[in-house]
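Please read the structure below before turning to the comments.
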Number of protein chains: 2
Amino acid sequence: MASIYDVAKLARVSTATVSAVANGQDKVEPRTRRRVLAAIKKLHYQPNLYARNLARGKTCLLGLIVSDIANPFFGEVTQSIRQEAQACGYELSLASTQFSGEDLVLAVKRMLGMRVTGLAIMTTEMTAEVLEILQASKTPAVFEDVGTVSETISNIRIDYDGGIFKAVRYLVDLGHRRILFVRTYPESTEQERPLLSISLRTQAFLKVVKQFESSRVEPEIVSYTGPGPKAGQLAIQKAFDERKEFTAAIAIADPVALGVLHGLHRRGLRIPEDISVVGFDNSYLCEYLHPPLTSVDIPRGRLGKMVVDCLISNIEGKHAGRELVLETNLVVRESATCLIETSRAHLGRSGKSLGRPLDLR
Amino acid sequence: MASIYDVAKLARVSTATVSAVANGQDKVEPRTRRRVLAAIKKLHYQPNLYARNLARGKTCLLGLIVSDIANPFFGEVTQSIRQEAQACGYELSLASTQFSGEDLVLAVKRMLGMRVTGLAIMTTEMTAEVLEILQASKTPAVFEDVGTVSETISNIRIDYDGGIFKAVRYLVDLGHRRILFVRTYPESTEQERPLLSISLRTQAFLKVVKQFESSRVEPEIVSYTGPGPKAGQLAIQKAFDERKEFTAAIAIADPVALGVLHGLHRRGLRIPEDISVVGFDNSYLCEYLHPPLTSVDIPRGRLGKMVVDCLISNIEGKHAGRELVLETNLVVRESATCLIETSRAHLGRSGKSLGRPLDLR
DNA sequence: TCACCGTGGCGAGCATTTACGACGTCGCGA
DNA sequence: TCGCGACGTCGTAAATGCTCGCCACGGTGA
C-alpha cells in the first residue's frame, strides 16, 4: 500500500502538504492541491490509521462491548450507538464477550490498547478486575445497569422496576393473581457470578409483586439455562412439571417469550384465552408474533443516544460520574387478556379459587 | 495511560526489554522479567496497538463488512466468523453499511486505512468503485455472492438455486402449482442499483420454476420496500389486491416470512391448511413460530468457517481467486402441507382447477 | 523599503518493535 | 592460570507513516 511519501514524491511536494490536503485543510494552493489529489487517486492512497492516530495522539474512537451481538436487541442498540457516534464525529469499535468474564477482561484490555477515547460496556457480566483496570486507566466509560459510578464512569440504569410495575399492574387489572416469571441464563454462565440484567429484572419483579400484596398477587419463578427460546420453552414445561399455578407469565426477554409461547401452544393452551403472556424488550418481532406479543419496551434509539451523549460529556469532563435512568414502557398488544374462570380448566389443576377478578374500570 | 517508557523506567530496564517481556519472548532473565511484570501490573500498562502495528508492519486483523448488524442472520454469521478468526490468531473489525453504497465505500476505505490483512464483504450492495479500490490495494478479500474473483479476491456463492429447488420441489410434491415469491427491498435502496442477494434469489426462483415447467408450475412475484416483516405483510396484502392466485408462498428471507405469516393470519387464513409458507435463512426463530416455519437453511457456522479459511488461504497466497459454494438445505417444519381442494375457497377466487395434485409418494 | 500574508518545507515527535551490537560471564583447553 | 570464544542478557538506535509547530521564501500592498 502506498504511503504518504510515495504520494509526496509523485506530486512533487512534501509529506506535510499531502497531509494537509488529505485532511482537507484549506491552506494549500488550488493548483498544488489538484496535483496532490491526482497523485492520491492514482496511487489509491489511504492514510495509515495507525500512524495517524499515533501522531495525533488521539483517536476519536468509541468502544462498545456487548454480551452477544447475535442477539437482535444488542444489534439494534449497536446500530443506534454507531449512528449517534458517527454524528458526533466518532468511530465505533465493537466487541462481544459471549457472556464470559474472561472475554470481557480481554475485550476491555484490547479497547484500552486501542486508546479508545470512551468505552461503553453493556454486558450482563462484570468483574472487579474490569472495574480496577478502568479506574486506573481513567478512560471515560459508561455502564449499563452496573451500579458503580466514579470520577470517569457513568451508569445508565434501565428502569426495570417501572416497566415491570406497568406489566404487573396491567395483568392485575386484567384479574390475574398468579403470575409466573420466566427467567433464563445463558449457557456459558458460571452460576455463582451474578448476571446483572437478569438479577435486576428478577429483583424488580419481586419488589413490584410486594407492592401488590394487598391485591393478593402470588409470584412464581422458574429458571432454565440455555439459549433464549429453547430455555423459555423448557422453563414453561418445568413450571408445569413442578405444578406451579399461574394464569399469566412474564418472560425475562422476548426470545424467551417466544419459547414460552411455543411451549404453551405445544401443550394445547390458547394465548391469551388460557394464559396471558408478556415479554420484555419489545423486539421487532413482537408485532408479528401470533398473537402479537405485549412487551415491555426498552427504547433502543434513546438508549443509544444516551450512551453516546453520556460518554461524550464524560470525555469532556463535565457531568462525569452520573447515573442516568432510561424509562421503560409497556406496549400492549394481544397476548394478554382478562382472566376468565374457564381458563382454570385448561391448567388441569385444583379448582381452588383465586378470588374474584378486580374491577377492570 | 502509561507508555512503555514509564514501565522501562520503573523496572530499570530498556524499552526493548519491556517489549520482549510484554510479547512473551523467553530471552529475558527470570528476575528481570519479574521486575518488568511487576511494573506493568503496577502501571496497568497496555501496549499502544497503533504504535505496535505501525512498528510491526502487520496487523493480524481481519475486516468484515455487512449490510445490517441489527439483522440476526448477520449477527450469527459475525459471531461465527469472529470465533473462527480468533482461533486462527486474528482480530476482527466490523462495519455495517445500512445498505448504502456510499457507506460501503467509506467502510472499505477505513478498513484499508487499518491495513486489515484480509477483508470479507457480505453485503447486498456492491459498487464498481469498491472493486477497483480493492484490486488496487491488493488486499486479500472474500465476497459473498458477488460473482467476481481476481488474483486476490475469492467469492463464496451461496447455492440459492439448490435451496430454492428443494423448496419448490417440496411444494410441488405437496401438490402446489401456483407459488408466490415474496421479495422485499431495504428502504434506503436506490432501486436502480442491483441488490445482489435479492436478485440472485429471485433469479434462482425463476430458473427453478422453469425446471418444473412440465408440472405446470406457475410462478408469481410480489415486491415491496421496507423493513423485512412490515414489507412482507404489505407485500402479501398487495398480492391479494392484485388478485394474484397462489396456494403457497416462498419468502425471500425469514423476517419477511414473519410478515407474510402475519398478513395471512390477519386475513383469517390458516397456515398451512389454506396457504403454505416457506422461509429463507432458517433463523433461530423459525422453530418457535406458530406454526413452526419450514425454511431454507444457510449454515452460518459453515459460512463463517468458509470465510475465514478462504481469507487466510488468500492471505497466504495459495488458492486465491477461487469460487466456493455453500450448500443450502430445506428444513421441513409445519408451515407447509399438501394442497387440498377446500383451500381454494379461502382465496375467494375463481374455482378454476389447478389440475390434480401430484402423487406424493 | 518594510511588514505582512499565503504557501509549503523541515524536522521533531508519537509508542512501539527489531536488528544488531555491547558487555559480562562461563567454560574449556593449553 | 590465563586467554579466547560462545552464549546469555540487555541496551541502542533505526524504522514505521503521519501530524503539526515553526520557519523560510517569495510576492503583494502600503
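Read-outs throughout are calculated quantities, based only on the coordinates presented, and are distinct from any laboratory measurement. All values derive from a computational prediction rather than experimental measurement. Ideal geometry is used to build each Cβ from the backbone, glycine not excepted, and the neighbour counts take in all protein chains shown.
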Long-range share for chain B, i.e. C-alpha pairs more than 27 Å apart as a percent of all pairs, stands at 55 percent
Note: A:47-60 gets an average of partner chain Cβ contacts (10 Å, Cβ to Cβ) equal to 4
Which distances, in nm and shortest first, link the B:Gln25 label point to the same label point in every other copy, taking 7 Å along Cα→Cβ? 3.7
Considering only the protein assembly as shown, percent of DSSP beta bridges that pair antiparallel, nearest 5: 5 percent
For the range B:281-294, take each phi angle, set θ = phi - 60°, evaluate the Karplus expression 6.51 cos²θ - 1.76 cosθ + 1.60, and give the result in whole Hz per residue in order, putting x for glycine and proline. 2, 6, 6, 4, 7, 3, 4, 10, 6, 10, x, x, 8, 6
Under-5 Å amide H pairs with B:Glu144, H placed in peptide plane, nonlocal only: B:Ile121, B:Thr123, B:Ile156
Would you give the gap between the C-alpha center of the range B:254-319 and the C-alpha center of the range A:254-282, rounded to a whole Å? 22 Å
Sequence order, the range A:144-159: Karplus ³J(HN,Hα) from phi using 6.51 cos²θ - 1.76 cosθ + 1.60, θ = phi - 60°, Hz rounded, Gly and Pro as x, gives 10, 6, 7, x, 5, 9, 7, 4, 10, 10, 10, 9, 10, 9, 7, 7
How many Å³ per residue does the convex hull of the Cα positions in the range A:4-55 occupy? 69 Å³
Using Cα positions and a limit of under 28 Å, work out the lysines in reach of A:Lys210, with same-chain residues fewer than 8 apart set aside. A:Lys166, A:Lys238, A:Lys244, A:Lys352
Would you pull out the residues with amide H under 5 Å of A:Glu91's amide H, same chain only if 5 or more places away, H placed 1.01 Å from N? A:Leu61, A:Leu62
Give the nm distances, rounded to one decimal, from B:Leu106 to the matching residue in every other copy, measuring between label points 7 Å along Cα toward the beta carbon; shortest first. 3.1
Karplus couplings for the range B:41-51 from phi (6.51 cos²θ - 1.76 cosθ + 1.60, θ = phi - 60°), rounded to Hz, Gly and Pro as x? 5, 4, 8, 6, 5, 10, x, 6, 5, 5, 4
Once amide hydrogens are built 1.01 Å from N within the peptide plane, the residues lying 5 or more places from A:Leu330 or on another chain with amide H under 5 Å from its amide H are A:Asp297
Mind ordering A:288-296, B:159-167 by average Cβ neighbours within 10 Å, highest first? A:288-296, B:159-167
Along Cα-to-Cβ, 7 Å out, sits the label point; list in nm, shortest first, how far the one on B:Thr127 is from those in the other copies. 4.3
Pairwise centroid distance, computed over Cα atoms, of the range A:1-51 with the range B:74-121, Å: 26 Å
With no solvent and one equal point scatterer placed on each C-alpha of the protein assembly as shown, evaluate the Debye formula and give log10 I(q)/I(0) for q = 0.07, 0.11 Å⁻¹, two decimals. -0.57, -1.24
Could you pull out the pairs from A:Lys9/A:Lys41; A:Lys58/A:Lys138; A:Lys9/A:Lys58 whose alpha carbons sit more than 22 Å apart here? A:Lys9/A:Lys58
Bridge orientation stat for chain A from DSSP, antiparallel percent rounded to 5, came to 5 percent
